[in-house]
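Asks: Below you'll find the structure I mean.
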Amino acid sequence: MEYRYSEVVDPGAYETDGLMANSSAVALRRHKDPFSEIIGALRAQRDWSELVSPVDGYQGGLGEDYSFIRVTVPECLPERLEVISYANEYAFLYDDEMENLDLKQLPEAGGPEILETFRTGVLDYEMPGGLEKARPEKRLQAQVLAEMIAIDPPRAKTTMKAWARFVQLASRTRIKSFDTLREYIPVRVIDAGELIWFGTLTFGMGLTIPDEEYHLCMELARPGYVALGLTNDLYSWDKERQAAERQGQDYVFNAIWVIMRERGVGEEEAKAICSEVVRDHIDEYCGIVERTKNNPALSRDLRAYVEAVLFSIAGNLVWSIYCPRYRLPGI
């Protein structure tokens, strides 16, 4: 991959908590534009606050040194950085809204009304009668889509189809507990946003994965998404445990809880086990990246995508360690 929009961050400037100890060749890259992500994220917060609900006390993707999009999509095309920042902040806001819902009270089919915003008509941003009659979440979603279509119609539609498919698959992932990590991990990959991130990277970087390579692309990247999902579990554990307690749930949708249940261990030992699983998957994925980027039989964009997921792993890890989102008052 050619690096045009990012710079390598000095490894001495940040911690990785040993999770990349065996993968020291993986670089943390940061987008050169420090402003567009901030503009997009703050615009999303303002719109959500005005149309959906106040965001007082909320923390999303922004961070003092390592904001989420700048370090997870470091090679984002500059003119797309603001809109994918907006879309990502929308996803964080949506995730927090879901944490405030009592998922135990949902029927076995269907789901909360907010999910219907995504399940149907995801591409109908020009709906009959106008958007003024739609739910506010739908109006914001349509606004994001319209902005993306104005930049790159084909990839915008690919992204939104992936987003719609994600919600279809993920809307029921958190309503049950899991007894083993082996059962939990495939579901966590879905819930962690494998499809949303596929859309984010392909749109943000202007990539097109050929149809005949799509399934191979997802298969190659999957160990990377395991690392991403379990890293999120490791650092969001306190936040998610508090959310589960507020909802009166007797389980937490998080690898730490699953490991504690499966192995009969306490939090600290469960975190150590989770950390080892993350390290193993990062190591595995580094090997996949090396083999893929030197394989001329694969398309250029597929090779770029697989490498981009590795930068997302490094960026997500460092952001998770330093971000305000996982260090809320009371934690």
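Asks: How many residues does the stretch 287-320 contain that are within 18 Å of Thr231 (Cα to Cα) and at pLDDT below 95?
Replies: Going through the stretch 287-320 one residue at a time, the tally reaches 0.
Asks: Continuing with this model, one more query. Those residues that are in a helix (DSSP H, G or I), among the β-branched types (Val, Ile, Thr) and free of Cβ contacts under 8 Å to residues at least 40 places away in the same chain, I need them from the stretch 255-269; list them, please. So that I can check it myself, show each step before the final result.
Replies: Restricting attention to the stretch 255-269, the residues satisfying the condition of being in a helix (DSSP H, G or I) are 255-263, 267-269.
Then keep just the ones that are among the β-branched types (Val, Ile, Thr); that gives 256, 258-259.
Correct list: Ile256 only.
Asks: Looking at the stretch 64-79, can you tell me whether even one residue there is surrounded by fewer than 24 Cβ atoms within 10 Å (Cβ to Cβ), charged (D, E, K, R) and part of a helix (DSSP H, G or I)?
Replies: Yes, there is a match, as at least one residue in the stretch 64-79 is surrounded by fewer than 24 Cβ atoms within 10 Å (Cβ to Cβ), charged (D, E, K, R) and part of a helix (DSSP H, G or I).
Asks: What residue, of Leu216, Leu230, is within 27 Å of Gly287 (Cβ to Cβ), surrounded by fewer than 21 Cβ atoms within 10 Å (Cβ to Cβ) and out of contact with any Lys or Arg (no Cβ under 6 Å at 6 or more places or on another chain)? First the steps, then the outcome.
Replies: Values: Leu230 fails: surrounded by fewer than 21 Cβ atoms within 10 Å (Cβ to Cβ).
Result: Leu216 is the single residue among Leu216, Leu230 that is within 27 Å of Gly287 (Cβ to Cβ), surrounded by fewer than 21 Cβ atoms within 10 Å (Cβ to Cβ) and out of contact with any Lys or Arg (no Cβ under 6 Å at 6 or more places or on another chain).
Asks: Test each condition in (1) under 22 Å from Ala41 (Cβ atoms); (2) modelled with pLDDT of 80 or more for Glu97 and report the one that comes out false.
Replies: (2)
Asks: Follow-up. Does the stretch 234-262 hold any residues that are of a type in the set (A, V, I, L, M, F, W, C) and either closer than 19 Å to Val189 by Cα or in contact with a Ser or Thr (Cβ under 6 Å, 6 or more places away or on another chain) (or both), and which are they?
Replies: Those that are of a type in the set (A, V, I, L, M, F, W, C) and either closer than 19 Å to Val189 by Cα or in contact with a Ser or Thr (Cβ under 6 Å, 6 or more places away or on another chain) (or both): Leu234, Trp237, Val252, Phe253, Ala255, Ile256, Trp257, Val258, Ile259.
Asks: Continuing with the same structure: Inside the stretch 284-331, can you point out the residues that are of a type in the set (Ser, Thr, Tyr) and either crowded, with 19+ Cβ neighbours inside 10 Å or part of a helix (DSSP H, G or I) (or both)? Before the answer, list the steps.
Replies: The initial filter retains those residues of the stretch 284-331 that are of a type in the set (Ser, Thr, Tyr), namely 285, 292, 299, 305, 312, 320, 322, 326.
Residues satisfying the conditions are Tyr285, Thr292, Tyr305, Ser312, Ser320, Tyr322, Tyr326.
The values are calculated or read from the model by the stated rules, or taken from the named source; none is laboratory data. Bear in mind that the values here come from a model prediction, so they are computed numbers and not experimental data. Note: ideal-geometry Cβ built from the backbone for every residue, glycine included; neighbour counts use all protein chains shown.
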